[in-house]
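The values are calculated or read from the model by the stated rules, or taken from the named source; none is laboratory data. Please read all numbers here as calculations on a predicted model, not as lab measurements. Please note: Cβ atoms are built from the backbone with ideal geometry, for glycine as well, and neighbour counts cover all protein chains shown.
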């Protein structure tokens, strides 16, 4: 237990940089409050000679900034409690104090962690999502839990933890209560829009009142005044960027505030208000439908009706604000057990006869109208001078033509010469020449005079009788009217529209309540993405709210803050548009079924009479119809223009590809997770079940491959490339998660290079009752393969690459060539490499734990050390073997091997486990090598050549050991893994201390177990003597070789020397006694030859240690009849 806690403590310590970031955020809030208090004290003390607190509040900008400082501090407190619950804050602070020392901040200043802890300790507030879980329990649990959900004096006590100057609080509240500090009433002149005009100020006042709770508790007259001015027709307040609160809920514990809001929120008032809003919604929705019709909104219409359009926009946004806030549940819930807010909400929905689709269509129409008007106004303002000049020249030209016509120089039908009119039209044309856009008042008056004069001339001289003259005059008036419109177009109209169309209150509500409607709309009409684009651009315009003051201060945080909000908005757009790939994949599933199970592939040669059978007209027509549906969705999303969302530019083609990738990742991850669950079934072996699961998975993946290959041209993406990349990413991510169990410093999800915020890989909970305790499918598969190839139950024949049952009739369990081929089809080479990496991590963990224990015993245990030192001294003496040993060498060695009889079983399990995993890694490498030579011959040869070139270069010099060279070698290593060009048995997993006793101890272990094997000429391999014996030769040899390879090469050679010495000593005794070699010698020689073959050592290594007569003729010498 202590060891586990120590490891957990070290793991948490590794996250100190992240904990420090949280602490700096907490500390900055405390520093903000201290700085604000210090500034107020300096104002009161006369530090600023010409400024006092009162004079600053009299200045327009100063009044805004001082009110905002207090308001933002309160907002931060509320949002901090909403997003990071009190228990988590306390644990973060304690962790920072424990692991950093707590005496200094990262910047080196003296720490104020105690003050930070006092400010941000837990308040007891429960997040609405957690409260909903408690209330959903029902019965006594819900009633007992509900009692803990309401926090007394919240947030009054929370805000009082840091006390500001009382006079400052009173003055700020007075300014917010009495003044229009942002001058919004001029933009909303209609009296019914008063609460919308003062909505920002109302949110600030709501927060700041918590710093003066005595007003909320006992100042009934002030609260009635506040409610009548700010909350007369609304009781849901957007505190900051869509964080809404319900005043009925928030003021429940404050007597005066509760009484004041109850006067305006009663059944009769709510019914009257809802009826007015319902009627207004129907009228406004009809008007916006007419405006956004195709062909209505153009530059001339906007210029002519600019003021009417602004009035309509204002009405739309007032309605949207009221409906969005009052028909949705608030985000920040103070008391989750309160009943009255829910009752009022239900009353509002009932009286409104609320249909969210109508509100959604109003939002679409309003957003489309605003976007089009702003774009057209932008174009008009950019080309204003050019349009003015063109219209003026056109009017002058037409007047000049009329002058020439009345002079008789330009023949027009039935126009008599009239010198007076000729002179008058010529004079008017000259007067128009003097019009200037830069002098709007003078030019405007002159244009009106000219238009009136033209009307009088037409009427007085009866010019309307001539259609040509009448047309010329009408065109002239139209051009003059356009010039007047251009003059009246104010430069600040865009700013006015920006302020009217504020949508920040819907930052959370839009994602929570409107996303299903948007997705259903796109599903029905794929071209609806154009309208939804307008909604997102409307929401993107609200980024000005959090960025305005940051930009004015020229803060370096402008980029990070704008990037945060832009990323959030872009992710929301991706979530909405994800319905397109989801629908595509539901159609694609039907295409996959048809292509995989119904439609037959054409053979290379086909008899004519079977042509109709293979044609399958109806099935292919169905595929074509489904393909067309996918193409329609693709066209719909590509109709959306490239959109700048904040500071992030979204390309519709990239959005489509990201959506396809995300949906593909979900489907593939689900297929891997469900396809690799191994539940025992009666009448079927584990191997059969595993192979069937892999074949089914391979068929599913092949279906995706065929369908993507078929559909990629219609989707306009590289389908097969996406499929391979995402499957590789999924497998690599799950391997990484599974390997975390063997790592001390675990790779967290946010640190993983395979995980993505845009295209996240889903995480599935581990299976309950899984004996392997695996985290995901790759771990389950790895343990299932280990279970099927357990060396205690099976025999592995190296020559046939096949596992057989130990018990008669020794039926085949698993063939490596067939099984790993199926595995490659199901998981691709990425799955094979991932499985190999997982086995490597398992090996590293086993070797680390057991080798540390082994080396500790070899150096610290007195019995072990004395026995091995004594044996070493005897074996290395010149007169070994002595007369007694020479007569009975087996007894001599058995005396030593029997001293560790209790240790051998556990050591055997470890060696066999290591050998089993190494054998599996060998087979994986073999399969990868074979498949790469068949399917990627050029890549395999190129990687092999480059590898040899690197090895040659490294042998000559070490210039490649710099950063660039290491990067190249790492990339090459990945390629070599995928092409199977690696040798698992030569891998060193961990550094070790070389000790002479390791080779001697493993030698004793070997000779203690070789006698349990017997040589089979049919298989050319050592096999267990008894079927019940839990030993297998190949894993035993491979395991010993892997352990020895973790040490210096001399340890392995010393091990071979001990084995050779044993052969020579026993062989001499047996030949001199019985003149025949026993199985003790022949088994060890077969074992040594197998060991040498795996080590890739030449035979001369044994020839130097064993007489040639024994080495070359041991089988003959072991024959009884010669």
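Details
- Within this structure, residue 1029 fails the test of being assigned to a helix (DSSP H, G or I) and either in contact (Cβ under 8 Å) with a residue 40 or more places away in the chain or out of contact with any helix residue (DSSP H, G or I) (no Cβ under 8 Å at 6 or more places or on another chain) (or both).
- The lone exception for residue 624 - which of (1) loosely packed, with under 13 Cβ neighbours inside 10 Å; (2) within 30 Å of residue 520 (Cβ to Cβ); (3) within 29 Å of the chain's Cα centre (by Cα) it fails: (3)
Every residue, every condition in (1) surrounded by 14 or more Cβ atoms within 10 Å (Cβ to Cβ); (2) free of Cβ contacts under 8 Å to residues at least 24 places away in the same chain; (3) in contact with a helix residue (DSSP H, G or I) (Cβ under 7 Å, 6 or more places away or on another chain); (4) in a helix (DSSP H, G or I), yes or no:
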{"residue": "1067", "(1), (2), (3), (4)": "yes, no, yes, yes"}
{"residue": "1075", "(1), (2), (3), (4)": "no, yes, no, no"}
{"residue": "1080", "(1), (2), (3), (4)": "yes, no, yes, yes"}
{"residue": "1084", "(1), (2), (3), (4)": "yes, no, yes, yes"}
{"residue": "1087", "(1), (2), (3), (4)": "yes, no, yes, yes"}
{"residue": "1106", "(1), (2), (3), (4)": "yes, no, yes, no"}
{"residue": "1112", "(1), (2), (3), (4)": "no, yes, no, yes"}
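- Filtered residues of the range 298-331 (kept if under 30 Å from residue 127 (Cβ atoms) and outside any loop (DSSP other than H, G, I, E, B)): 320, 321, 322, 323, 324, 325, 326
- Residue match in the range 448-458 (condition: over 30 Å from residue 245 (Cβ atoms), surrounded by fewer than 13 Cβ atoms within 10 Å (Cβ to Cβ) and touching a residue at least 40 places away in the same chain (Cβ under 8 Å)): no
- Restricted to the range 780-816, and to residues there that are touching a helix residue (DSSP H, G or I) at 6+ places or on another chain (Cβ under 8 Å) and in a helix (DSSP H, G or I), the residue that is surrounded by the most Cβ atoms within 10 Å (Cβ to Cβ) is 781.
- Restricting 857, 850 to residues that are in the same structural domain as residue 985 (by TED's automatic domain parsing) and in contact (Cβ under 8 Å) with a residue 40 or more places away in the chain narrows the list to 850.
- Within the range 736-759, at least one residue is surrounded by 14 or more Cβ atoms within 10 Å (Cβ to Cβ), in contact with a helix residue (DSSP H, G or I) (Cβ under 7 Å, 6 or more places away or on another chain) and over 21 Å from residue 833 (Cα atoms).
- Of the numbered criteria (1) touching a helix residue (DSSP H, G or I) at 6+ places or on another chain (Cβ under 7 Å); (2) at pLDDT 90 or above; (3) surrounded by fewer than 18 Cβ atoms within 10 Å (Cβ to Cβ), the one residue 160 fails is (1).
- Hits in the range 654-690 - residues which are closer than 23 Å to residue 822 by Cβ, in a helix (DSSP H, G or I) and in contact (Cβ under 8 Å) with a residue 40 or more places away in the chain: 664, 667, 668, 669, 670, 672, 673, 675, 686, 687, 690
- Counting only residues that are assigned to a loop (DSSP other than H, G, I, E, B) and surrounded by fewer than 20 Cβ atoms within 10 Å (Cβ to Cβ), the range 182-218 holds 9 of them.
- Tallying residues that are part of a helix (DSSP H, G or I) and either closer than 30 Å to residue 627 by Cα or touching a residue at least 60 places away in the same chain (Cβ under 8 Å) (or both) within the range 529-580 yields 33.
- Among the residues of the range 350-374, the one identified as part of a helix (DSSP H, G or I), surrounded by fewer than 14 Cβ atoms within 10 Å (Cβ to Cβ) and out of contact with any helix residue (DSSP H, G or I) (no Cβ under 7 Å at 6 or more places or on another chain) is 350.
- Unique match (being loosely packed, with under 15 Cβ neighbours inside 10 Å and out of contact with any strand residue (DSSP E or B) (no Cβ under 6 Å at 6 or more places or on another chain)) among 905, 889: 905
- Tally, over the range 384-396, of residues that are farther than 12 Å from residue 435 by Cβ and without any contact (Cβ under 8 Å) to a residue 12 or more places away in the chain: 2
- Qualifying residue in the range 891-914 (condition: under 29 Å from residue 822 (Cα atoms) and under 38 Å from the mean Cα position of the chain (by Cα)): yes
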